[in-house]
Number of protein chains: 2
Amino acid sequence: MPFRAPVEEYRFLLEHVVDFARVAATERFAEATPDLVEAILSELAKLADEVWAPLQRAGDTDPARLENGVVVTSKGYAGAYRALAEGGWIGMAAPVEHGGMGLPLTLATVMNDMLSGACLALELNPLMSQGQIEALEHHADDALKALYLPRLISGEWTGTMNLTEPQAGSDVGALRTKAVPQEDGTYAISGQKIFISWGDHDFGGNVCHLVLARLPGAAEGTRGISLFLVPKILPDGTANALRVVSLEHKMGLHGSPTAVMAYEGARGWLVGGEHRGMAAMFTMMNNARLGVGVQGIGVAEGAYQKALSYAAERVQGRSPVAGGTGTILDHADVRRMLAQMKADLFAARAIGFSCAVALDLAQAGEDGAFWAARAALLTPIAKAFGTATGMRVAEQGMQVHGGMGFIEETGAAQFYRDVRVTAIYEGTNGIQAMDLVGRKLADGGEAALALIEEMQEAAEAARATRPDLAEPVWQAVETLREATEWMLAQGDMQARFAGAVPYLEGFARVLGAHLHLKAAGSEAAPGPRTALARIYIARLLPEHAGHLAAAMAGAQDLYALGPEALLP
Amino acid sequence: MPFRAPVEEYRFLLEHVVDFARVAATERFAEATPDLVEAILSELAKLADEVWAPLQRAGDTDPARLENGVVVTSKGYAGAYRALAEGGWIGMAAPVEHGGMGLPLTLATVMNDMLSGACLALELNPLMSQGQIEALEHHADDALKALYLPRLISGEWTGTMNLTEPQAGSDVGALRTKAVPQEDGTYAISGQKIFISWGDHDFGGNVCHLVLARLPGAAEGTRGISLFLVPKILPDGTANALRVVSLEHKMGLHGSPTAVMAYEGARGWLVGGEHRGMAAMFTMMNNARLGVGVQGIGVAEGAYQKALSYAAERVQGRSPVAGGTGTILDHADVRRMLAQMKADLFAARAIGFSCAVALDLAQAGEDGAFWAARAALLTPIAKAFGTATGMRVAEQGMQVHGGMGFIEETGAAQFYRDVRVTAIYEGTNGIQAMDLVGRKLADGGEAALALIEEMQEAAEAARATRPDLAEPVWQAVETLREATEWMLAQGDMQARFAGAVPYLEGFARVLGAHLHLKAAGSEAAPGPRTALARIYIARLLPEHAGHLAAAMAGAQDLYALGPEALLP
């Protein structure tokens, strides 16, 4: 069975779980009527299923390569990219004044989910452009906007992010790339950048690099960083002084060329003020973080569909149940794996879409500040939990395949290899968790506790109709409240950081249960949504206790175990 | 920093955690004095560190390949294999009468751990031979023993296991390979086998295949299966009618050639009685299951050491703690990852070695039946938890590396890819869990409850010296008891199977805590072992609650969610 974009699932989530109607009810997004949403879903699903999904394996079997300094991409990628661009989809959430559709980010998020499931390596390309569009929109001057935005939005040109250098990874402030002001108002950019996704390609058009660099005399650390737009081709049509040095040999995502870039006095234009690069970069990163979380969700969908297809066709042994299908689907452990994969995926997707809705309401709604805080809170959770779910589901997908899962031709292994990087790039999942317990609780817990309150009220209300499901959710929310209060009480940030990852995992598990409960509540009588919620609440929600206990372990035991005790 | 076999850790475990002295105190293993153990550890460590570990990457960079029907192995592998064989190590636990050393399986298990950490793909070769030696020892007739055992034990020849066919994976009973009796008492074997690890190589000598096949008129299913020894080279020096059809293109473990084998009327000799093949195969599999669990542990060691080396050298950002190392080791989240990896690895290793000690005591001790039941109980736990720990630690190891972890040259990704198959082969981890809640609880829970009792008494006793650690362990054991009693109360095996995997995971988490507590108790005053136990008990043990809750979820919710509800 080939990949099918889960359109019915998107419909259900938008309508019954993440309240997309609230977005469509705003003046800003009044155009996003149910009819339009339906048209978008079906058009995009056609593109994902028929054009993109058949290219998924090509990234692996015919990976991007560097030939004489030029990147040659997997066969078929250029055409599939153009099909997306020609539909106007890259600029779906971009401003109308520059040629975008001006639609809600939520719909762009649905698109990213679909395309990631169909062909992750290629999807990373427009995801980078989307982030660049947003950064330029908020921080570039009018001349830059006029030149670049229409072409990025139309997909004629593509965008990249250049942060990392060999000595500067999570510690961006350690970067050394230099920007020297020129007499014509531009800057000469020199330095080496690594891990540049889609640093070059053969789709035609320009490649526009957003590069973090340091001006002469700039302060050390992140306060001395500025952002520059450095195009591969200069406005006069000549080549800029930059080149792809090499492509990385990665464990997966081979269809996405990951470049080492050299800037050798390349001409760049300042975006945002001098030394204001981090702020501009964060605009891009925040968008990209949700986008990466959704990549994990898309891969989970692809891996789930593949495993289900395999199980539904694999005949093995006598069926252990009366009236079974005769396939391994009848086996309790196989069914457990598939049911958990589906329930896990639902939770991650519902969280990701909730984050997108919050971003839209922050921009367009009446309680902008409230929704901005909600979106800020949900972004690291959506990123880390979405990608971790992608990893878990891809792992279980291989397991469902048994020995065949380890054979590359089956395709299950590719999901496992490809998705692994999503837990690392755009800020590792550890960095996301530190953001959650640091910056995102810096409001004294206002945003987190508001969500906790909302979840507890919903569980309280659900007691009337789904008491067996509502009670464990209520209890779990209570445990999350305790862990949150514990976090807030820690003055020493190391104590928070020592429990950051399990806190985020526990938070996500509880939030996922809340959203499952909401889905179950949408059924007048218990049906498949309630059955799936039951799977989640009985089998996955219980994990929260372990996570949240670990979250409150503090840092003392870690530092008590000195580096010498870590030696083998 | 290159790989170093963790000799100090082995010493500590043997002496203070798994009571190896009990094995050495038996008449059968009286030779295994502390001096001998010390000599073995240091000799093997030299071999692992200096000869095997430098070849770890070669499996990936120069994988095994099939050339004109002949397998060519990674450069250096043949020499490293010979070095192992020449030391007499392959027959370390094999009977003296056939040329083995007759030493405890526990020491062979330590060896397998070391060699798996040094070079997993190559280690799989002697592991297969060890299993074959044991199967022949127990089931072959004297003539076969006399011909094959000395040569397998010396390592001159190697062994393989041939179970799987395309339609017969976990469902071995579906196999179709035929064995037709010949007038000379041999059998003509015809059929195709897949997933044959080390099905051929260029180390010289013979390759001896143990092949499951069906005699004419044999019953359907597993009751109609017989086992045959089918050598590549016949005793008269001519080639047997078998060949390697192809090698699989796998996600990892590229140094280990995984063959599709064709038997075309090949001459074979019956091992064990007619239709008694499964019993003989299980002798081989049980040994191999512990061996595979230990592979996971070895890989965890390799991945841990690599991540620790990286972290200890990676300078990033200002140190968040006073008097720090200046590396990312100072960051609470990095230290958390490494500390958890180490604590997790300790638990898995202690469980694996406990299983080996039980196997030795079953063979040599006074309470043979008791230890046999203990070993039978621990085998699926050691296999599944050892390999799952390998996967977890390899995953965290990549995460510690950040973006570099996804780059193949770093080597962290290879651990992640290689170890993945250990959760699948020799019976998937799901099959292990079903074995645990099925066969291994079929004694009415006697063996499980005896271990639970032992753990609870130890926690009780530890309250005097380590109350803060003992209390959560005691409580966790109590939860495990409840889950075990729940399992025993289920007449419907599907209900048990639906919770089998989380039950096994919860059991292992609790057992790991018990063994950490024992390690802590070996210190007169709290030292590094107590600190590591604290990490485990605060951060990993809490997981047991979620696992054991899920273990008791029953099968109803899974079957309520019909196949149609599983559709995307």
Task: Residue identified as open to solvent by 10 Å² or more (accessible area, probe 1.4 Å) and among the aromatic types (Phe, Trp, Tyr) among B:Tyr148, B:Tyr187 - done: B:Tyr187
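Picking from B:Ala375, B:Ala442, which residue would you name as being under 23 Å from the mean Cα position of the chain (by Cα), away from chain A (no Cβ under 14 Å) and without any contact (Cβ under 8 Å) to a residue 24 or more places away in the chain?
Values: B:Ala442 fails: under 23 Å from the mean Cα position of the chain (by Cα).
Of B:Ala375, B:Ala442, the one residue that is under 23 Å from the mean Cα position of the chain (by Cα), away from chain A (no Cβ under 14 Å) and without any contact (Cβ under 8 Å) to a residue 24 or more places away in the chain is B:Ala375.
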TODO: Within region B:52-93, track down each residue that is touching a Phe, Trp or Tyr at 6+ places or on another chain (Cβ under 9 Å), open to solvent by 50 Å² or more (accessible area, probe 1.4 Å) and over 14 Å from B:Asn125 (Cα atoms).
DONE: B:Pro54
TODO: Run B:Ala143 past the list (1) touching a strand residue (DSSP E or B) at 6+ places or on another chain (Cβ under 9 Å); (2) touching a residue at least 40 places away in the same chain (Cβ under 8 Å) and report the number of the one that doesn't hold.
DONE: (2)
- [ ] Would you check which residues across region A:312-326 are more than 9 Å from chain B (Cβ to nearest Cβ) and in contact with a helix residue (DSSP H, G or I) (Cβ under 7 Å, 6 or more places away or on another chain) and list them?
- [x] A:Ser319, A:Gly324
Task: Given (1) within 14 Å of another protein chain (Cβ to nearest Cβ); (2) open to solvent by less than 50 Å² (accessible area, probe 1.4 Å), index of the condition A:Ala450 fails - done: (1)
Open item on the list: Please go through region A:242-265 and give me each residue that is open to solvent by less than 40 Å² (accessible area, probe 1.4 Å) and not in a strand (DSSP E or B), ordered by number.
Closed with: A:Met251, A:Gly252, A:Leu253, A:Gly255, A:Ser256, A:Pro257
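If you check B:Leu290 against the conditions, is it touching a residue at least 40 places away in the same chain (Cβ under 8 Å), open to solvent by 30 Å² or more (accessible area, probe 1.4 Å) and outside any loop (DSSP other than H, G, I, E, B)?
Values: touching a residue at least 40 places away in the same chain (Cβ under 8 Å): yes; open to solvent by 30 Å² or more (accessible area, probe 1.4 Å): no; outside any loop (DSSP other than H, G, I, E, B): yes.
No, not satisfied.
Quick one: count up the residues across region B:416-439 that are more than 14 Å from chain A (Cβ to nearest Cβ) and at pLDDT below 95.
Residues that pass the stated criteria total 0.
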Task: Answer residue from region A:1-31, given it is under 16 Å from A:Trp371 (Cβ atoms) and open to solvent by less than 80 Å² (accessible area, probe 1.4 Å) and is farthest from the chain's Cα centre (by Cα) among those - done: A:Thr26
TODO: For residues that are within 23 Å of A:Gly291 (Cα to Cα) and of a type in the set (Lys, Arg), scanning just region A:309-356, find the one that is surrounded by the fewest Cβ atoms within 10 Å (Cβ to Cβ).
DONE: A:Lys342
Open item on the list: Suppose the filter is out of contact with any Pro (no Cβ under 9 Å at 6 or more places or on another chain) and within 8 Å of another protein chain (Cβ to nearest Cβ); does A:Ala339 pass it?
Closed with: yes
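Name the residue that is least open to solvent (accessible area, probe 1.4 Å), counting only residues in region B:541-558 that are more than 30 Å from B:Ala343 (Cα to Cα) and more than 7 Å from chain A (Cβ to nearest Cβ). Outline the logic, then answer.
So the first thing to find is which residues in region B:541-558 are more than 30 Å from B:Ala343 (Cα to Cα), and the list is B:554-558.
When the remaining residues are screened for being more than 7 Å from chain A (Cβ to nearest Cβ), the result is B:554, B:556.
Details: B:Gly554: 10, B:Gln556: 158 Å².
Taking the candidates together, the pick is B:Gly554.
Could we say that A:Ala538 is assigned by TED's automatic domain parsing to the domain that holds A:Glu457, farther than 27 Å from A:Val437 by Cα, aliphatic (A, V, I, L, M) and buried (at least 21 other Cβ atoms within 10 Å of the Cβ) here?
Values: assigned by TED's automatic domain parsing to the domain that holds A:Glu457: yes; farther than 27 Å from A:Val437 by Cα: yes; aliphatic (A, V, I, L, M): yes; buried (at least 21 other Cβ atoms within 10 Å of the Cβ): yes.
The answer is yes for A:Ala538.
What number of residues within region B:304-331 are assigned to a helix (DSSP H, G or I) and not hydroxyl-bearing (Ser, Thr, Tyr)? Before you say what the answer is, go through the steps one by one.
Of the residues in region B:304-331, the ones assigned to a helix (DSSP H, G or I) are B:304-313, B:328-330.
Add one more test, that the residue is not hydroxyl-bearing (Ser, Thr, Tyr), and what stays is B:305-308, B:311-313, B:328-330.
Of the residues in region B:304-331, 10 are assigned to a helix (DSSP H, G or I) and not hydroxyl-bearing (Ser, Thr, Tyr).
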TODO: Having 2 or more residues that are of a type in the set (S, T, N, Q) and more than 14 Å from chain B (Cβ to nearest Cβ) is the bar; report the strands (runs of 3 or more DSSP E) wholly within region A:100-208 that clear it.
DONE: A:158-162, A:187-197
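Look at region B:402-415 and say how many of its residues are assigned to a helix (DSSP H, G or I) and at the interface with chain A (Cβ under 7 Å from one of its Cβ atoms). Step through it out loud before you land on a result.
The initial filter retains those residues of region B:402-415 that are assigned to a helix (DSSP H, G or I), namely B:402-406, B:408-410, B:412-415.
Of the ones still in play, those that are also at the interface with chain A (Cβ under 7 Å from one of its Cβ atoms) are B:402-403, B:405-406, B:408-409, B:413.
Going through region B:402-415 one residue at a time, the tally reaches 7.
From the list A:Val37, A:Val71, A:Val23, which one is hydrophobic (A, V, I, L, M, F, W, C), in a helix (DSSP H, G or I) and in contact with an Asp or Glu (Cβ under 7 Å, 6 or more places away or on another chain)? Write out each step before concluding.
Values: A:Val37 fails: in contact with an Asp or Glu (Cβ under 7 Å, 6 or more places away or on another chain); A:Val71 fails: in a helix (DSSP H, G or I).
One residue alone meets the criteria, A:Val23.
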Task: Any pair with Cβ under 6 angstrom, 6 or more apart, that starts in region B:517-545 at a residue that is within 18 Å of B:Glu8 (Cα to Cα) and ends at one that is β-branched (Val, Ile, Thr) - done: B:Lys518/B:Val17; B:Ala519/B:Val17; B:Ala520/B:Thr530; B:Glu523/B:Thr530
Task: Of all residues in region A:149-179 being in contact (Cβ under 8 Å) with a residue 40 or more places away in the chain and β-branched (Val, Ile, Thr), the one that is nearest to B:Val315 (Cα to Cα) - done: A:Val172
TODO: Run down B:Arg374, B:Arg335 and say which single residue is over 30 Å from B:Asp19 (Cβ atoms) and among the charged types (D, E, K, R).
DONE: B:Arg335
TODO: Answer with yes or no whether A:Ser42 is outside the structural domain of A:Val260 (by TED's automatic domain parsing) and in a helix (DSSP H, G or I).
DONE: yes
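Being modelled with pLDDT of 95 or more, among the hydroxyl-bearing types (Ser, Thr, Tyr) and farther than 30 Å from B:Ala58 by Cα narrows it down to one residue among B:Thr283, B:Thr238, B:Thr222, B:Thr258; which is it? Show your work before the answer.
Values: B:Thr283 fails: modelled with pLDDT of 95 or more; B:Thr222 fails: modelled with pLDDT of 95 or more; B:Thr258 fails: farther than 30 Å from B:Ala58 by Cα.
Testing whether each residue is modelled with pLDDT of 95 or more, among the hydroxyl-bearing types (Ser, Thr, Tyr) and farther than 30 Å from B:Ala58 by Cα leaves just B:Thr238.
The values are calculated or read from the model by the stated rules, or taken from the named source; none is laboratory data. Predicted, not measured: the structure shown is a model, and the values here were computed from it. We place every Cβ from the backbone using ideal geometry, glycine too, and count neighbours over all the protein chains shown. Accessible surface areas use protein heavy atoms only, side chains included; no ligands, DNA or RNA. Shrake-Rupley method; radii C 1.70, N 1.55, O 1.52, S 1.80 Å.
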